[in-house]
Structure formats: structure tokens, C-alpha cells
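The values are calculated or read from the model by the stated rules, or taken from the named source; none is laboratory data. Note that the structure is a prediction, hence the values are computed from the model and not measured. Methodologically, a virtual Cβ is constructed for each residue, glycine included, from the backbone with ideal geometry; neighbour enumeration extends over all protein chains shown.
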Amino acid sequence: MKTRHRWIPLLVVAALAGVVAAAFAVYLMWEQAIAPTTPPSASSSDRELVRHGARVVALGDCAVCHTAKGGKPYAGGLALATPFGTIYTTNITPDPDTGIGTWSLEAFTRAMRRGISRDGHQLYPAFPYVHYTRMSDNDIAAAYAFLMERDPVSAKAPDNALIFPLNFRPLVAFWNVLFLREGPEAPDVSRDATWNRGRELVNGLGHCAACHTPLNPIGGEQWNKAFHGGVVDGWEAPPLNALASPPNPWTKPQLMAYLRTGISSHHGAAAGPMLPVTQELGTAPQEDVDAIATYLLSLQKPQARDLAQSDPAGADKASIQRGAVLFSAACAACHGDKSPMQSLGERPSLATSTAVHAATPRNTVQMMLEGVPWQGEQALHYMPPFAHTLNDRQVADIANYLRATYTNQPPWKDVVQAAADIRKGDQSR
């Protein structure tokens, strides 16, 4: 009997600990709804604030994610592929039923800072509130004013298709404990205003690390590898802390031109997820792009120079020869050294292409498979897709030819398998 009684205090403590843990979990997961409201009328809006909001929304790439292909601007429905399933972006027009028309500025600010919807449910961190939390109050208010003046669109996003248990939204609260650091960053008084503005845009509104930083197994950014590069929608987001590294370092004018136009004569053209980002930045004030470039170039770390030369003995000569024939037939009209656009200096040279010099063939393969969509008057930025014209072996042959002809880097390995995996949507390579 005495032995049995000795366990009673331990059982009581364990029960109390369980109650406390459960209460803490409920506290983390439960959020109050904020009362619905009606959107402010256009006549009551501060016109200067709305104009500033257009700038904020462009810098934050809001239209890029919240507009489905062929859909209305800001009406959501874009499918975002993640390692955990597909998430569909939401409607952020002022429609009262399917959008944010009943959201007050308070509710909008909570979503931007903490990732909580007006009705209290957790938002998935595909919405980059872990970065938007660093925005100033004025920028958040400006974005709200601008969005509330968009045309309301009735459009309900499809249901997300996430694996269990990640389809249980309240679990995001525990993810936030690990990865959300709420609130703006204080200015660095040792730096000038341009650098501080650039840090605010890169780390906050522009959320550059969301793509250019590798993720851990539960989708959080690896802070010890910030800006080391990542993979997004099958494309490689290159490291932003190695822009000044050989063999083809970026200069500030080159980086600004690329960010504003999507083309750098010394590095290549934007494609994949980066293309719409440059289109949005093209509408932003030059001083903001200047600030972004200033901050990014301040992040550069010394890189060990890769002195490895192309190894003729290790190259697949048969593949390179086949690639030369294919290049002549499919690519040389635009990319050949004697093509009109090359001779006039209008199209970036493959000899300085960031994709061709990269450590992996991913972006070279993706460019051949997907091309670059037609941009109207920007004909130089167009490249037709070859996914239905070239098979994996042919794509690999052209890639091997480009690598051997236009760089002194060692040959890529297993390019045929890489092309097959990339075509299937594998983002792990």
C-alpha cells in the first residue's frame, strides 16, 4: 500500500503537466476573429497613400502569387507546388464573400505580421508573412488602401491538397514558434539610408530569402544558410551571397538592369519564377531597385575560386557532337555567334550565361524545356519552349555542348537523368 501511495504525487504532477501542455497548445492554436467591416469608399481614400500602396504591392510581388494563369488580377487561385502538397493562393480583392472586402486594416495587419486570417484561422507560410512582418506600419496601410480600391472579384480558391497532418491548419501555430520573429527590424545606424532601405526590401517586402535560401525538412528557412540558394518550381534560385564571385561577377549596374528589365547583357535573361518578379520591379522607383542592389552586393562572402578546368577526358564527346548538330538546327539562329542578334550585341551571350556556368544543369535544362513566354514588344526576351520537341537525351546533348563550348567548367554529370527528373517536376536535384 505504501509503495502504491508513493506514485500518487507523481501521477498528479504528470496530470497537471498534461493539462498545462494542452492549455498552452490551445493558447497557441486559437485566435480570435476580428469583426467584419465594410471597405472604405474610394472618395475617402488618401490618394497619396493609395499611390504608395501600388509601389508596395509591386515590390511585394502580390499580383505574381495572387493571380492565376488567365485569371483576374489579385483574385487568387494560383497553384503553388510545395514538398507537402499543393496550396492555392487566396483572393485579395475587396469582394466581401470570397476576398478581403470585410477585412479591417487591423485584420490585414495581423495577417501580414502574424499570418492569421480575419476569422482567426492560421495562414500557411507559403504566404511569406515571416518576411512581411518586417514591413513598416505605413507600408502595410498603403498596401491595404491600394488593394481595397481594386475591382472586387468573386472567386473562391480551390481547396488545398496537403498531406496529413499538415492539412490541419492549427499545427502552423507551432511552426510559427520556431520560425516567426514578429515585427520590423531596427535600422542599422552604422549604415546609410540606401542600405537600410535595401535591407528592409530584401528581408521584408521583397522576401528574397523565401526562394534564395534552402529550406529544412519542415519548410523553414535555414537561417545559417541565408541566401545560399534554393529550388523553386523546378528552377534553381541562385545564391545571392555569391554574386561577386568568379568567373562572371555581377556589377551594380548589371544587377540593377537585370532587376528592372529581366535582361542582363552579361548574365542572361530572367525566366521561370524570377521573370514576373522583374516585371513588377520594372514598375518600382529606381531608388528602390538601387537600394536592393546595394544591400545584395553587401552580402557577398569570399568564395574559394574554382580553378577546375574542363576535363576533355571526362566529357561525353559523342553527346557533345550530337549537341553541336542540334544546337545548329534549333538554337543557332538566335544564340549562334554569327546570328544577327548576337552580332548586334542585342542578346546576352552564352559565354557569360549564369545558367551555363552554374554548378548544376537545372536552369539550362529548364530554359530549354519551358522557354520564356512572349512579352509583347520585348521580343529579345522570348524563347520558345522545346519540351514537346526535344527528348531528354537531346536536351542533355545540347546542355553538354553548351557547357563544353562556352565555359571552362567541368562537365555536368548525369544530365539525361537530371532532364528526366526536372521534366517530371522533381525539385530535389
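Residues considered: 244, 269, 210. Of these, the only one that is under 23 Å from residue 87 (Cβ atoms) and not aromatic (Phe, Trp, Tyr) is 210. Annotation: of all residues in segment 209-232 being assigned to a loop (DSSP other than H, G, I, E, B) and touching a strand residue (DSSP E or B) at 6+ places or on another chain (Cβ under 9 Å), the one that is farthest from residue 288 (Cα to Cα) is 219. Number of residues in segment 255-284 that are touching a residue at least 60 places away in the same chain (Cβ under 8 Å), in contact with a His (Cβ under 7 Å, 6 or more places away or on another chain) and part of a helix (DSSP H, G or I) equals 0.
All conditions but one from (1) assigned to a loop (DSSP other than H, G, I, E, B); (2) within 21 Å of the chain's Cα centre (by Cα) apply to residue 54; the one that does not is (1).
Any residue at all in segment 239-254 that is aliphatic (A, V, I, L, M), modelled with pLDDT of 95 or more and in contact with a His (Cβ under 7 Å, 6 or more places away or on another chain)? Break it down stepwise before answering.
Narrowing segment 239-254 to residues aliphatic (A, V, I, L, M): 240, 242-244.
Filter once more, keeping what is modelled with pLDDT of 95 or more: 240.
Subset that is in contact with a His (Cβ under 7 Å, 6 or more places away or on another chain): 240.
Scanning segment 239-254, I find at least one residue that is aliphatic (A, V, I, L, M), modelled with pLDDT of 95 or more and in contact with a His (Cβ under 7 Å, 6 or more places away or on another chain), so the answer is yes.
Of all residues in segment 233-253, those satisfying the criterion of being within 23 Å of residue 284 (Cβ to Cβ) and either in contact (Cβ under 8 Å) with a residue 60 or more places away in the chain or buried (at least 18 other Cβ atoms within 10 Å of the Cβ) (or both) are 233, 235, 237, 238, 240, 241, 243, 250. Scanning segment 90-117 for residues that are in a loop (DSSP other than H, G, I, E, B) and not small (Gly, Ala, Ser) yields 90, 91, 92, 93, 94, 95, 96, 97, 98, 100, 102, 103. Residue count for segment 70-93 under the criterion of being over 18 Å from residue 128 (Cα atoms) and in contact with a helix residue (DSSP H, G or I) (Cβ under 7 Å, 6 or more places away or on another chain): the result is 1.
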